[in-house]
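Student: Before we start, here is the structure in question, set down as structure tokens.
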Amino acid sequence: MSPQRDRLRIAVQKSGRLAEPARELLARCGLRFRHSRDRLFCFGENMAVDLLLVRDDDIPGLLADGSADLGVVGRNVLAEDALGRGEEAPRELRALGFGGCRLSIAVPQEWSWSGPAQLAGKRIATSYPRLLTAWLTQQGIRAEVVTLSGSVEIAPRLGSADLICDLVSSGATLIANQLREVIEVAHSEAVLAGTANAPLDERGELQALLLRRLDSVLDVRESRLVMLQAPRTALAAISDLLPGRPAPTITPIEGSPDRIALQAVCNGQIDWSELEAMRRAGACAMLVLPVEKMLA
Ligand code: PRT
Ligand code: ZN
């Protein structure tokens, strides 16, 4: 049961891969925090929103017991927790687009891999026993799950497991441990998590406001403002090259009746080859700018 308080609390990782990007994202939503001495709690200076700086593994529990209202955590951690908690488990509210990785099965390099059936009867070391067990069940495979809290990748060499199921991003750790990724069990990225029912008081309103700002921040992250000039006759060809086919704003250029200035918010990155194609179609004076905020 959530204790009475009027300020919203967001739990984020104190240090680690998600700590910086989570703080940066909240800053982009307009939140400013004062650091406290113990760095466990950060007071929100401009809104009634405070931060709890904790270990990522603690975030689902803090949400479940009402100590925090929102949390930024890996989907892997949230999903592993949810499998052990049932109906009332904290849930994913938004995918945040950073901290991307995959939970994968990796086998010793010398194995020849013939498919998941090969896992039957093997010992698999992991820090995600519930996710792995659910996947094995879904695949109809009986194997032994060996739960380890860290250094999973050395288990096969130590002889405590035959293979592993661990998080992978670049794959360098697997290679360094003579392991080979063979199959992805789950995809993960950082998510904003919250409880099944948002608070009904002012905190609920604050949470709704934050979610609206977050949606706008996530939307514009991939957006680019394109500005260029071109002959009026090239307009159709150039518009076709704009990612996401936005509706551009067209302005006549004073003193040059055949030429126009174009401005468009495009949904997606614009690379050099696309700019070069626009130039071949007749565009010049091209500018591509990141979009900071957008409110319809
Ligand atoms: O102290 P605290 O408990 O808060 O931190 P932590 O050490 O448990 O977590 P941290 O900071 O390592 O990771 C936080 C979250 O980042 C994870 O829960 C994932 O959602 C996400 N993430 C993204 C990763 C990785 N990429 C990742 N590569 N988490 C861990 N790894 C590890 C992986 O386990 C393996 O040991 O990095 C190694 C592999 O990396 P590559 O690049 O060699 O493949
Ligand atoms: Zn952790």
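Student: Could you figure out which of (1) farther than 30 Å from Ile10 by Cα; (2) in contact (Cβ under 8 Å) with a residue 40 or more places away in the chain; (3) in contact with a helix residue (DSSP H, G or I) (Cβ under 8 Å, 6 or more places away or on another chain) isn't true of Met227?
Tutor: Failed condition: (3).
Student: Could you look through region 137-152, keep only residues that are within 16 Å of ligand 2 (Cβ to nearest atom) and either open to solvent by 90 Å² or more (accessible area, probe 1.4 Å) or not in a loop (DSSP other than H, G, I, E, B) (or both), and pick out the one that is nearest to Leu103 (Cα to Cα)?
Tutor: The residue in question is Val152.
Residues are listed down the side, and each one gets a yes or a no for (1) out of contact with any strand residue (DSSP E or B) (no Cβ under 8 Å at 6 or more places or on another chain); (2) among the aliphatic types (A, V, I, L, M); (3) within 24 Å of Val217 (Cα to Cα); (4) surrounded by 14 or more Cβ atoms within 10 Å (Cβ to Cβ):
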residue: Asp56; (1), (2), (3), (4): no, no, yes, yes
residue: Gly61; (1), (2), (3), (4): yes, no, no, yes
residue: Leu70; (1), (2), (3), (4): no, yes, yes, yes
residue: Gly84; (1), (2), (3), (4): yes, no, no, no
residue: Ser104; (1), (2), (3), (4): no, no, no, yes
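Student: Go through region 168-199 and give me each residue that's open to solvent by 60 Å² or more (accessible area, probe 1.4 Å), within 13 Å of ligand 1 (Cβ to nearest atom) and either in contact with a Cys (Cβ under 7 Å, 6 or more places away or on another chain) or touching a residue at least 24 places away in the same chain (Cβ under 8 Å) (or both).
Tutor: Ser169, Arg180, Glu181, Glu184, His187, listed by residue number.
Student: Kindly indicate whether Glu202 is open to solvent by 50 Å² or more (accessible area, probe 1.4 Å), farther than 30 Å from Arg5 by Cβ and not hydrophobic (A, V, I, L, M, F, W, C).
Tutor: no
Student: Among the listed residues Gly30, Gly16, which satisfies the condition of being within 16 Å of ligand 2 (Cβ to nearest atom) and open to solvent by less than 90 Å² (accessible area, probe 1.4 Å)?
Tutor: Gly16
Student: Which residues, counting only those in region 65-112, are touching a Ser or Thr at 6+ places or on another chain (Cβ under 9 Å), among the acidic types (Asp, Glu) and part of a loop (DSSP other than H, G, I, E, B)?
Tutor: Asp65, Asp69, Glu88
Student: Going through region 88-146 one residue at a time, which ones are touching a residue at least 40 places away in the same chain (Cβ under 8 Å), in contact with a Pro (Cβ under 6 Å, 6 or more places away or on another chain) and over 26 Å from Gly194 (Cβ atoms)?
Tutor: Pro108
Student: Please work out which residue is farthest from Glu222 (Cα to Cα), limiting yourself to region 243-282 and to residues that are charged (D, E, K, R) and out of contact with any Lys or Arg (no Cβ under 6 Å at 6 or more places or on another chain).
Tutor: Glu254
Student: Can you tell me which residue among Arg55, Arg39 is away from ligand 1 (no atom under 12 Å from the Cβ), touching a residue at least 24 places away in the same chain (Cβ under 8 Å), more than 16 Å from the chain's Cα centre (by Cα) and under 30 Å from Ser169 (Cα atoms)?
Tutor: Checking each option against the conditions leaves just Arg39.
The values are calculated or read from the model by the stated rules, or taken from the named source; none is laboratory data. Every value quoted in this text rests on a predicted model; they were computed, and no experiment measured them. Neighbour counts are summed over all protein chains in view; Cβ atoms, including those assigned to glycine, are modelled from backbone coordinates with ideal geometry. The accessibility values were calculated without ligands, DNA or RNA, using every heavy atom of the protein model including side chains. Shrake-Rupley method; radii C 1.70, N 1.55, O 1.52, S 1.80 Å.
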